[in-house]
Amino acid sequence: MVIKMKEEYSFRFRVQKVEGSGDEYNSLVVFVFARMFNNKKDLVQEGLFRVKFNSIGIYPVPHDVAKQITSKHIQRLLIVELKRYIKPQRKFLTPGIYKPVW
């Protein structure tokens, strides 16, 4: 019997820029720089991902995720974590460029 252990991942996110999208919902597009680490703290992936949000919801851009990450499991995990990251910040995000903190 083979027991397959699922790898654990941790994420670090940083907002780089926020732009207005100009649609009828007054959506904003957040450019988030993400770093993904495995359970050994090795850098697995890093990249820039767009997340669109408005009063209705938070929508990571699937094309950005699919273009940079091939594993479907990790794609889903990243999309969930991006939503979780943006949700508490969305009422404070305004268009502009944000300075890196780390």
For strands (runs of 3 or more DSSP E) lying entirely in segment 1-92, having 3 or more residues that are in contact (Cβ under 8 Å) with a residue 24 or more places away in the chain picks out 9-20, 28-38, 43-53
Out of (1) open to solvent by 20 Å² or more (accessible area, probe 1.4 Å); (2) closer than 17 Å to Thr94 by Cβ, the odd one out for Lys41 is which?
(2)
Exactly one condition in (1) closer than 15 Å to Phe33 by Cα; (2) surrounded by 12 or more Cβ atoms within 10 Å (Cβ to Cβ) is false for Ile97; which is it?
(2)
Give segment 54-70 a look and list any residue that's within 23 Å of Glu7 (Cα to Cα), out of contact with any Phe, Trp or Tyr (no Cβ under 9 Å at 6 or more places or on another chain) and open to solvent by 40 Å² or more (accessible area, probe 1.4 Å), or say none.
Pro62, Ala66, Lys67, Thr70
Only one of these conditions is not met by Glu24: (1) open to solvent by 90 Å² or more (accessible area, probe 1.4 Å); (2) in contact with a Leu (Cβ under 8 Å, 6 or more places away or on another chain). Which number is it?
(2)
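The values are calculated or read from the model by the stated rules, or taken from the named source; none is laboratory data. Since the structure is predicted, the reported quantities are computational estimates derived from the model, not experimental observations. Reconstructed Cβ throughout: ideal geometry from the backbone, glycine too, with neighbour counts over all protein chains shown. Keep in mind that these areas ignore ligands, DNA and RNA; they rest on the heavy atoms of the full protein, side chains included. Shrake-Rupley method; radii C 1.70, N 1.55, O 1.52, S 1.80 Å.
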